[in-house]
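The values are calculated or read from the model by the stated rules, or taken from the named source; none is laboratory data. Worth saying up front: this structure is predicted, and the values here are computed from it rather than measured. Cβ placement follows ideal geometry from the backbone for every residue including glycine, while neighbour counts extend to all protein chains displayed. Quick note on the areas: whole protein, heavy atoms, side chains included, nothing else; ligands and nucleic acids left out. Shrake-Rupley method; radii C 1.70, N 1.55, O 1.52, S 1.80 Å.
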Amino acid sequence: MSYNYLKAAKKIVCIGRNYAAHIKELNSATPKQPFFFLKPSSSIVTPFDIRHKESKILPEDSSFHGLNEDGSNPGPIYIPKGVLVHHEVELAIVMDKYVSNAQPGDIKANDVFNYIKGISLAFDLTGRNVQFEAKKKGLPWSIAKGFDTFLPISHFIPKDQLIQDKENLQDAFRLVCKVNGSVRQDGDSSLMLNPLHKIIQVISTMVSLEPGDIILTGTPEGVGEVKIGDVISGELFYNGKQVVDMKFECKERPGPYEYRET
Ligand SMILES: O=C([O-])CC(=O)C(=O)O
Ligand SMILES: [Mg+2]
């Protein structure tokens with residue numbers, strides 16, 4: 001189980017509103033063009049895995065102290081005081097190629113395999129009340145999406161493990177999120193409104209993609225709250241076979257922050 005890939009991510013680009021049923025459940029509008037936002041690499045947290053017991057655990061003050069030498073950053077999810085934290089389980093793709101200004105049609109669906117190093121599973125944790133206020137007032141989403149530990153992410157799955165379906169990666173994945181053992185989200189990557197090849201092409205027309213960059217591809221329906229004391233798990237299936245099963249505990253974020261209206 002390797003987390004080394006996380007050290008190479010110069011940016012983490014997240015697509016919003018990429019599944020119709022999720023757009024509906026939040027009463028959002030379907031974007032006319034794909035839109036995205038960024039998450040800071042300091043929001044990365046990795047599952048606590050006994051195979052990584054040599055690694056340091058996130059310090060109790062919850063600020064980010066950098067990734068371990070092996071790329072991991074095992075620890076709990078920290079819920080900031082007064083923040084309604086929603087889980088959003090998402091397929092993450094990891095870029096292998098530099099891509100800039102790709103034209104529509106330059107990247108075909110069956111090219112995706114050639115553009116990526118591999119994949120992983122992530123949660124795009126969201127302070128929904130913080131985001132709601134930002135949407136209403138036209139403020140950025142950076143805080144809502146970027147608190148420390150708001151990017152729980154799995155080990156890396158290199159693309160040589162995806163060879164069986166390399167012509168059609170789009171339909172090969174199923175994502176599941178459970179909270180305290182109950183299924184909250186269960187969606188197929190085939191339901192994305194903007195498919196993987198279009199996501200790469202469109203982002204590259206505005207922001208150049210570099211090897212190692214991570215793209216989160218949007219969440220299927222079923223988002224909901226995670227609270228202090230909850231255990232959240234994310235599972236990823238490739239052609240029906242489980243390739244990720246990760247768990248995180250939720251704790252209160254220590255420190256002075258408490259959500260207040262801007
Ligand atoms: O916060 C949102 O609803 C937008 C988003 O990240 C997603 O659709 O995955
Ligand atoms: Mg999301």
Subject >> Sum of side-chain charges, SER208 neighbourhood, beta-carbon under 13 Å (Lys, Arg +1; Asp, Glu -1) >> reply: +1
Original post:
With respect to the cross-link table entries LYS117/LYS241; LYS81/LYS136; LYS97/LYS135, which display a Cα-Cα separation exceeding 28 Å?
Top reply: LYS97/LYS135
Subject >> Estimated vicinal HN-Hα couplings, Hz - region 232-248 in sequence order (Karplus 6.51, -1.76, 1.60; Gly, Pro = x) >> reply: 10, 10, x, 10, 10, 10, 10, 6, x, 9, 6, 10, 9, 9, 10, 10, 9
**OP:** Set Lys and Arg Cβ to +1 and Asp and Glu Cβ to -1, take the dipole of the chain about its Cα centre, and tell me which of THR205, PHE64, TYR3 lies farthest positive.
**Re:** THR205
**OP:** Quick one: grab the alpha carbon gyration tensor of region 187-262, order the square roots of its eigenvalues as a ≥ b ≥ c, and give me rounded if a/c is under 1.5, else prolate or oblate depending on whether a/b is larger than b/c.
**Re:** oblate
Subject >> Projected label distance in nm at LYS24 and ASP171, using a 7 Å step from Cα toward the beta-carbon >> reply: 2.2
Original post:
Over all pairs of distinct alpha carbons, what does the Kirkwood formula give as the hydrodynamic radius of the chain, in Å?
Top reply: 18.4
Original post:
Mean residue ellipticity at 222 nm from the helices of the chain, using -39,500 (n - 2.57) per DSSP H segment of n ≥ 4 over the full residue count, to the nearest 500 deg cm²/dmol?
Top reply: -3000 deg cm²/dmol
Original post:
In debye, nearest 20: dipole of the chain around its Cα centre with unit charges on the Cβ of K, R (+) and D, E (-)?
Top reply: 520
Original post:
aspartates and glutamates within cross-link reach of LYS178: Cα-Cα under 14 Å, excluding same-chain residues under 8 positions apart?
Top reply: GLU88, GLU90, ASP186, GLU221, GLU225, ASP230, GLU235, ASP245, GLU249
**OP:** Please list the non-local residues whose amide H lies under 5 Å from the amide H of GLU252, H modeled 1.01 Å from N, same-chain partners needing a gap of 5 or more.
**Re:** ILE79
Original post:
Sequence-distant or interchain residues sharing an amide H contact under 5 Å with GLN185, placed H: which?
Top reply: CYS177
**OP:** State to the nearest 20 debye the size of the charge dipole of region 196-253 about its Cα centre, where the only charges are +1 on K and R beta carbons and -1 on D and E beta carbons.
**Re:** 60
Original post:
Carbon-plus-sulfur fraction of the accessible area of the chain, 1.4 Å probe, in percent?
Top reply: 51
**OP:** For region 211-226, just list the computed ³J(HN,Hα) in residue order, Karplus coefficients 6.51, -1.76 and 1.60, θ = phi - 60°, integers in Hz, with x standing in for Gly and Pro.
**Re:** x, x, 4, 10, 10, 8, 9, x, 10, x, 5, x, 4, x, 7, 10
Original post:
So in the chain, what percent of DSSP beta bridges are antiparallel if you round to the nearest 5?
Top reply: 80
Original post:
Which ³J(HN,Hα) values, rounded to whole Hz and listed in residue order, are derived for region 94-105 from phi using the Karplus coefficients 6.51, -1.76 and 1.60 in 6.51 cos²θ - 1.76 cosθ + 1.60 with θ = phi - 60°, glycine and proline given as x?
Top reply: 10, 6, 10, 10, 6, 9, 9, 6, 5, 7, x, x
**OP:** Whole Å is fine, so just give me how far the alpha carbon centre of region 94-158 lies from that of region 177-223.
**Re:** 7
